[in-house]
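First the structure, in the form of structure tokens, and then the observations on it.
Please treat every number below as a calculation from the coordinates, not as lab data. Since the structure is predicted, the reported quantities are computational estimates derived from the model, not experimental observations. Glycine also receives a Cβ, built like all others from the backbone with ideal geometry; neighbour counts cover every protein chain displayed.
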Amino acid sequence: MARASARRPIVRFDVGGAASRRPDTVAAEEPLEIRVGRRPIAVTMRTPGDDLDLAIGFLLTEGVIGAASDVRTAQLCAGDNAPNTYNVVDVRLADGVAPPSVDPTRNFYTTSSCGVCGKASIDAVRTRSRYPVAADPVRLPAAVVASLPARLRSAQPGFDRTGGLHAAGLFTAAGELVCVREDIGRHNAVDKVIGWAVRASRLPLTGHVLVVSGRASFELTQKASMAGIPALVAVSAPSTLAVDLATEVGLTLVAFARGATMNVYAGSERIAER
């Protein structure tokens, strides 16, 4: 059912040469409505595929659930569209799990560019994790950490086709790739990875590293913390709030990880030179 990319006609201009018409492969972007007990709680613009992982990961990182046992069922639904697009996921919570409160002051709407923008305030996303990362004793060899962005890049078939998809990858401390997901939204790619881990009953993700293409934002740092991931590695820059949150919760934050160099903004005690 995945529609990760599509072909669109373009006009190609080469300066000094003739223009030509041809099809090009473009990353797909469609809305996904996440429902809990048939009640809509969020809409996110995402690249179709791994939608159940995305919905479960979103609910985990928003603090609605904390483990696979909190979910009774999760299924793709037809929604109201014709023809059928299956752009709806409905999650049924287990008995005893409180449903999320749909409060107008806390808007769950997210977009592919910035999941935090729809929140009423930064305080709304400072959800306390069930899996504190500060006590995680994992040690990460610097050479292994520096190699992870390249390993992630080599596992991005969608980016190779479109040039327009972000990626998130879950690695062991030894550098083994456990799970990778792509999406037009970086935060969606992270939710897909975390949702996969929830459904596989692998939480908390102690001793693991989350690697993301692009920057490290507050939201991605919060998502890593919520899943019990002790280290986040980004290819480009971090934000001030990402650094502050990583410091606050005891998470190792690495950014500008390119080639043989990287900057460690928080939790440098986990990085071993050898």
Nearest 20 debye, what's the magnitude of the dipole of the chain about its Cα centre given +1 on Lys and Arg Cβ and -1 on Asp and Glu Cβ? 420 debye
Gyration tensor (Cα) of segment 140-272, equivalent ellipsoid semi-axes in angstrom: 19, 17, 15
Stretched fully, the stretch from N263 through C77 gains (0.36 nm per residue minus C-alpha distance, one decimal, in nm) 62.6 nm
Please order T261, T47, T172, T162 by the number of other Cβ within 10 Å, starting at the fewest. T261, T172, T162, T47
For the chain, averaging the sequence separation of alpha carbon pairs under 8 Å that lie six or more residues apart and dividing by its residue count, the contact order in percent is 18 percent
Only helices counted: for the chain, with every DSSP H run of 4 or more residues adding -39500 (n - 2.57) and the sum spread over all residues, [θ] at 222 nm is -6500 deg cm²/dmol
Please give the net charge around A266, taking every other residue with its beta carbon less than 14 angstrom from that of A266, where Lys and Arg add +1 and Asp and Glu add -1. -3
Between segment 29-49 and segment 195-233, what is the separation of their alpha carbon centroids in Å? 21 Å
In a GNM of the chain with a 10 Å cut-off on Cα contacts, which of P238, P230, P23 has the highest mean-square fluctuation? P23
DSSP-defined beta bridges in the chain - what % are antiparallel, rounded to 5: 70 percent
Suppose R0 equals 51 Å; then what is the FRET efficiency for R39 and A272 from their Cβ-Cβ distance, rounded to the nearest 0.05? 0.60
For the chain, take N as its residue count and report Rg(C-alpha) divided by 2.2 N^0.38 Å. 1.03
Can you work out the FRET efficiency for the pair S154 and A94, with r the C-beta to C-beta distance and R0 = 41 Å, to the nearest 0.05? 0.60
Rank A200, A146, L245 by how far each Cα sits towards the positive end of the charge dipole of segment 140-272 (+1 on Lys, Arg Cβ; -1 on Asp, Glu Cβ) and give me just the farthest. A200
Sorted from fewest to most neighbouring beta carbons within 10 Å, what does the list L210, L152, L203, L241 look like? L241, L203, L152, L210
Translational D (Stokes-Einstein, µm²/s) of segment 129-211 at 20 °C and 1.002 mPa s when Rh comes from the Kirkwood sum over C-alpha pairs? 160 µm²/s
